[in-house]
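Derivation of every value follows stated rules applied to the coordinates shown; laboratory data play no part. The structure displayed is predicted, hence computed values, not measured ones. A quick note on method: Cβ atoms are made from the backbone with ideal geometry, for glycine too, and the neighbour counts reach across all protein chains shown.
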Amino acid sequence: MGFTLAELARLTGTELIGDGSFEVTELTSLTRASESSLSFLSNDARRAELGNTKAGAVVVSRAVADDLKCGLISSDPYHTYAELSVLFDSEGIPFSGDINVTAEIDSSAIIADNVSIGPGAVIGAETVVGAGSVIGPNVTIYPRTHIGLDCLIGASTVIGYDGFGFARSEHGWVKIRQLGGVLIGDDVEIGAGCTIDRGALDDTVIGDGVKLDNQVHIAHGCCIGARTAIAGCVALAGGTLIGSDVTVGGMTGFTGHLSVCDKVHIGANALVTKSITVPGSYLGGSGGVMKAEDWRKNAVRFRKLDALARRLSELETRLETDESRDL
Amino acid sequence: MGFTLAELARLTGTELIGDGSFEVTELTSLTRASESSLSFLSNDARRAELGNTKAGAVVVSRAVADDLKCGLISSDPYHTYAELSVLFDSEGIPFSGDINVTAEIDSSAIIADNVSIGPGAVIGAETVVGAGSVIGPNVTIYPRTHIGLDCLIGASTVIGYDGFGFARSEHGWVKIRQLGGVLIGDDVEIGAGCTIDRGALDDTVIGDGVKLDNQVHIAHGCCIGARTAIAGCVALAGGTLIGSDVTVGGMTGFTGHLSVCDKVHIGANALVTKSITVPGSYLGGSGGVMKAEDWRKNAVRFRKLDALARRLSELETRLETDESRDL
Amino acid sequence: MGFTLAELARLTGTELIGDGSFEVTELTSLTRASESSLSFLSNDARRAELGNTKAGAVVVSRAVADDLKCGLISSDPYHTYAELSVLFDSEGIPFSGDINVTAEIDSSAIIADNVSIGPGAVIGAETVVGAGSVIGPNVTIYPRTHIGLDCLIGASTVIGYDGFGFARSEHGWVKIRQLGGVLIGDDVEIGAGCTIDRGALDDTVIGDGVKLDNQVHIAHGCCIGARTAIAGCVALAGGTLIGSDVTVGGMTGFTGHLSVCDKVHIGANALVTKSITVPGSYLGGSGGVMKAEDWRKNAVRFRKLDALARRLSELETRLETDESRDL
């Protein structure tokens, strides 16, 4: 497989610099490039890397175009890289293209045209899978789940299992039957090993264009707004409402029954314990998130907390001494 | 499906208020209710919500019964809701009712009557599954696992895999063969995507009535006491011993070879690094848990740690100035 | 199954103390031992436990041999225990020995001799599985994954799924097709419920002798050096480079695009946000890791942060009073 650089300029709507007949055989990172590679520089601050790469051609922004001998100028090199990744993907989405004979599909499920279902996948009763969706191997879709158009679901993910709901009684826990479903929009990607529970009463809702990384846990009754992206191993407790265009770093948790407004960006490994009502960047630990700039200041101080405590003790001692002297 | 309110009063042992012939067609939350809904108020402090709901009938406690025109009075509205959830569950537990033909069951496994096994489930040698248990799709039960009566196990969960045990040698890690099994009591619910390892020498034990949410990890040789409930994404390192009637919030970790006494309640996203010997509520972060009230005070101070450090610096400066002046 | 103590001394290269004809029927912990048990003491500091065990024979180090009436003296009792665990393992590795008929293996996959593949496992196109490897039940191997010799992979693990890569656009997220593969060395153990993503451009690499516990998440483009051991529920964001002979405690995260040098030991539930370039022990929370001794000092102070803040307030008040008095 290969393209000339001129072809790639045309296919991606970018501006050609240098030899248009240059034969590109692979798309690589700057560091692992060969002479026939096309690579990309997505961060202008790293323009010095252009001097060290072996890549025959590079996609760059106009701001660093002066450094470029051969390549493509793009208004958004990372976006152009995404477009190029499709051109250089000789395989296509794995396990797409058919419904595997080993998949177990309930007769009441409604499977649209052009749906792929991987080996060992299990599709429960009264589910709906929209056109163009790809269900990975060994995925389990419990009954009453609706999956929209063009969704991609990674292997071993479980959608629609019962939420974790119990009432106490004298004899232990009484299970609350979960009566809601899961409603997944269009163009949603859900990674491998995720769990998305059905609602207790109302549906769990995943909006259009949402992207979930691997091992994400979404409890019953959560709603996630359009285009929100959630990194690996994040967990949402029951009833968490997350707005649109939110990003969440890996391993972050939400304690449930709270809401996060649109355009909030939360870092990794934090715990969200209260609603967030102002867009912006937030960081935190188990004590809850705060504005990212405040967290950074506090976290730096924590790294010297022992020294700070010693300074306080010294001050106390000095004052005691002064006061004894005064007496 | 529908019930009159009088029927529901009789079936749940609650007191009817208002029109007993009122036809209830669905069980909903207060916020998403319709005129033919039955809803519930489990927290008396939120009694103002009764004024805003569209629900035709509501289950409430006696303390707020004065506000109620039509509904049911219960000594425990949340428990009554659990009972109602069974009545309004037209489907029953998903994937229950049979042993799917695609399940792979070792010929030496002992499967009691009335056991359900989902599609793609794998049941290893010398396992026992007690009557009434439901094994979800794509679950894997490794050899020598004993599962009690009336257990419910979510999809993709893995029970009885080898614990993580290795001895160092000059040439790297030497695997310690895991010789114990997993012993699961009666009425246990294990969520989707969980992993419960077999013991290194002694069995891993999950007591009667234990409830585990999704993506919980129980390492080798752990014991969990009766009726303990553990939320999503919690991890127990090897040899953690947890008492009875304990609750654990999501994403909390246990560093292993420690014990937690009965009736302890641990919050979300904490790390338990030492044994807990006194019942009560605990919270914490990566530095270990502490009594909940102490944690809250410290966590609040952390949010102003930078300001606190600045105040200390000011004090130091002022004292330096005073002392220079004194000279 | 049983061995005489003399046989076990010979098979493990240890020194016999006491009656060589003693019949050992089981290998147990000191606390759950019976009179015909062989147990082991791996920590000399716990030699007092030898007085309380019922074990008929114990493996100990030479340092505590004086306390021993019957047993084996080893230069490394824990390593000897590992060897004994093989002798007492009557079952062998579960689901080893064949390729189950329900496994779904792509015709282009290359499966070496002596490979075991569990029920429901799915092996994608152009994968390679080396001799002696055991693929657990319901495992999914996506296309272009190479697995070395003698690897062991736990149930429900997913290897080679797409990394989490998207470029922003006006219309939402544009998927970046993942073009790299996963390259796994020899003698690697991967637990149950893990997810290891394929690289975006370059391969994700897991070195020889690496051991991963359950529910570990390795994002695209990570490299893990030889013999590194990672405990349960750890997550590596994209492009994390970890050296050789590193150990990582459970639930710890890495924010990606950083490197950790050889022989680093990181505790549980920490967040690694920057590269580590000096071997040694590190601990931390969401604010990042630090040298273990520094973390411990700071964490102790945190437990009294509220008291520390009160002391500072008192000092401020006292100084204010002094200064007013001075006026």
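Think of the protein assembly as shown as having a plus end and a minus end, set by charges on the Cβ of Lys, Arg, Asp and Glu; of B:Gly287, C:Thr240, A:Ala131, B:Gly287 sits farthest toward the positive end of this dipole.
Taking amide hydrogens as placed 1.01 Å from N in the peptide plane, the amide H of B:Ile276 sits under 5 Å from those of B:Ser259, B:Val260, B:Cys261, each at least 5 positions away in sequence or on another chain.
Near C:Ser61: Cβ cut-off under 12 Å, other residues only, Lys/Arg at +1 and Asp/Glu at -1. The net charge is -2.
May I ask you to list the lysines whose Cα is less than 26 Å away from that of C:Lys291, ignoring any residue fewer than eight positions away on the same chain? The qualifying lysines are A:Lys297, A:Lys304, B:Lys274, B:Lys304, C:Lys211, C:Lys263, C:Lys274, C:Lys304. Candidate cross-link partners of A:Lys69 among the lysines, defined by an alpha-carbon separation under 26 Å and a same-chain spacing of 8 or more, comprise A:Lys54.
Take each of the peptides C:238-245, B:306-313, average the number of other beta-carbon atoms within 10 Å over its residues, and list them starting from the highest.
So the peptides C:238-245, B:306-313, ranked by packing, come out C:238-245, B:306-313.
Evaluated at q = 0.15, 0.25 Å⁻¹, the base-10 log of the normalised Debye intensity for the range C:287-327, with identical point scatterers placed on the Cα atoms, takes the values -0.54, -0.81. For the range A:206-252, the alpha-carbon radius of gyration amounts to 0.98 times the rule-of-thumb value 2.2 N^0.38 Å expected for a compact globular protein. The charge dipole of the protein assembly as shown, taken about its Cα centre with unit charges on the Cβ of Lys, Arg, Asp and Glu (plus for the first two, minus for the last two), comes to roughly 2760 debye. Taking the square roots of 5 times each eigenvalue of the Cα gyration tensor of the protein assembly as shown, largest first, gives ellipsoid semi-axes of 39, 38, 38 Å. Along the axis of the charge dipole computed for chain C (Cβ charges of +1 for Lys and Arg, -1 for Asp and Glu, origin at the Cα centre), the listed residues C:Ser116, C:Gly256, C:Leu305 are led at the positive end by C:Leu305.
Take every DSSP beta bridge whose two residues both sit in chain B, then give the antiparallel share in percent to the nearest 5. If I count the DSSP bridges inside chain B, around 20 percent turn out antiparallel. Using C-alpha pairs under 8 Å with a sequence gap of at least 6, the mean separation divided by the residue count of the range C:3-87 gives a relative contact order of 28 percent. A Cβ-based charge dipole, computed about the Cα centre of the range A:104-299 with Lys and Arg at +1 and Asp and Glu at -1, lands at about 780 debye. Taking Cα centre as origin and charging only the Cβ of basic (Lys, Arg, +1) and acidic (Asp, Glu, -1) residues, the dipole magnitude of the range A:38-87 rounds to 140 debye. Exposed loop sites were defined as GluC sites (Glu not before Pro) in DSSP loop states (anything but H, G, I, E or B) carrying at most 16 other C-beta atoms within 10 Å; in chain B the longest segment without such a site runs B:171-327. When only alpha carbons are used to place a centre, the range B:77-106 and the range B:265-323 end up 45 Å from one another. Take the Kirkwood radius over Cα pairs of the range C:104-299, plug it into Stokes-Einstein at 37 °C and 0.692 mPa s, and you get 194 µm²/s for translational diffusion. Beyond 18 Å, what share of the Cα-Cα pairs of the range C:184-303 is found? Please give it as a whole percent. Pairs farther apart than 18 Å: 45 percent. Just the Cα atoms of the range A:3-87, one point each, no solvent: what log10 I(q)/I(0) does Debye give at q = 0.21 Å⁻¹? Per q value, in the given order, log10 I(q)/I(0) is -0.88. With the helix formula -39500 (n - 2.57) applied to DSSP H stretches of n ≥ 4, chain B reaches a computed 222 nm mean residue ellipticity of -5000 deg cm²/dmol.
Ranking B:Ile93, C:Ile190 by Cβ neighbours within 10 Å, fewest first, what do you get?
B:Ile93, C:Ile190
Once C-alpha pairs closer than 8 Å and six or more residues apart are averaged by separation and normalised to the residue number of chain A, the relative contact order reads 7 percent.
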